[in-house]
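Read-outs: derived from the displayed coordinates by stated rules, not from any lab. Everything quoted here is computed from the prediction, not taken from an experiment. So basically every Cβ, Gly included, is an ideal-geometry build from the backbone, and we count neighbours across all protein chains shown.
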Amino acid sequence: MSTLFDKCFAVFALLFFMPFFVLISVVVLLTEGGPVFFAHQRIGKNGKSFKCFKFRTMAIDASEQLASLLAQDPIAKAQWDATQKLDDDPRVTCLGEFFRKTSLDELPQFWNVLKGEMAIVGPRPIVEDEMARYGKNIDAYLSVKPGITGFWQVNGRSDTSYEERVKMDVEYVQTKTFPKDIGIILKTVKVVLSRSGAV
């Protein structure tokens, strides 16, 4: 039931948001140049790696910029080590910042759902380096598909610590039901429209 719902939802979303895909692609090409999409390796169900798609929100040389910043700024490095995020990330473009605040950058992930790599609702997809931070709770994360949205995303998102996020992921897996997923989807719409706690 859940897989069928996810795929049907993804097809509808891709068709509904197609004008946004075209508009965003044109705007990125005209203002930023370079690739429109960004594919990053993430860890999915049962530890299987997959390419998670997003609209590109960072500079083309983002990896080099991050390495240089962390080598020179101990405060930024400490924050990155603690949360895997930066409050004032110089890699993010002006257009990318808008995409992130409105969550438009995550629209391509509906393609990941259609491919069976992600779910509409689930834990946030993590990179391999983050697996150790889940400790004994990593089995809970690996038991389900990561989601476009989830319990953490609608309960604080970037305002929560990494430890709190792990606890929310585990709680979601342990209490997962189809009605609860529908509730998270509806709450996601509210969070996105209010732009609260945007990642």
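Grouping the Cα pair distances of the chain into 5 Å bins from zero gives a pair-distance distribution of 1, 7, 15, 19, 22, 18, 11, 5, 2, 0, 0 percent in increasing distance order.
Peptides 166-177, 80-91, ordered by how many other C-beta atoms sit within 10 Å of their residues on average, highest first, read 166-177, 80-91. Using the Stokes-Einstein relation with a Kirkwood hydrodynamic radius computed over Cα pairs, the translational diffusion coefficient of the stretch 23-88 at 25 °C and a viscosity of 0.890 mPa s comes to 175 µm²/s.
Please report the relative contact order for the chain, taking Cα pairs under 8 Å with a sequence separation of at least 6, and give it as a percent rounded to a whole number.
Relative contact order comes out at 23 percent.
Taking amide H as placed 1.01 Å from N in the peptide plane, Phe37 has its amide H under 5 Å from the amide H of Arg56, each at least 5 places away in sequence or on another chain. If you count the DSSP beta bridges with both ends in the chain, what percent of them are antiparallel, to the nearest 5? Given both bridge residues lie in the chain, the antiparallel proportion sits at roughly 80 percent. Using a Cα-Cα cut-off of under 28 Å, which lysines could be cross-linked to Lys136, ignoring same-chain neighbours fewer than 8 residues away? Filter leaves Lys45, Lys48, Lys51, Lys77, Lys85, Lys145, Lys167, Lys176, Lys180. Structure remark: mean-square fluctuation, Gaussian network model of the chain, C-alpha springs under 10 Å; the largest value among Gly122, Gly135, Gly96 belongs to Gly135. Working note: 222 nm ellipticity from helices only, DSSP H runs with n ≥ 4, each -39,500 (n - 2.57), summed and divided by the residues of the chain, gives -15500 deg cm²/dmol to the nearest 500. The alpha carbons of the stretch 110-199 occupy a box of 34, 30, 24 Å along the principal axes, longest dimension given first.
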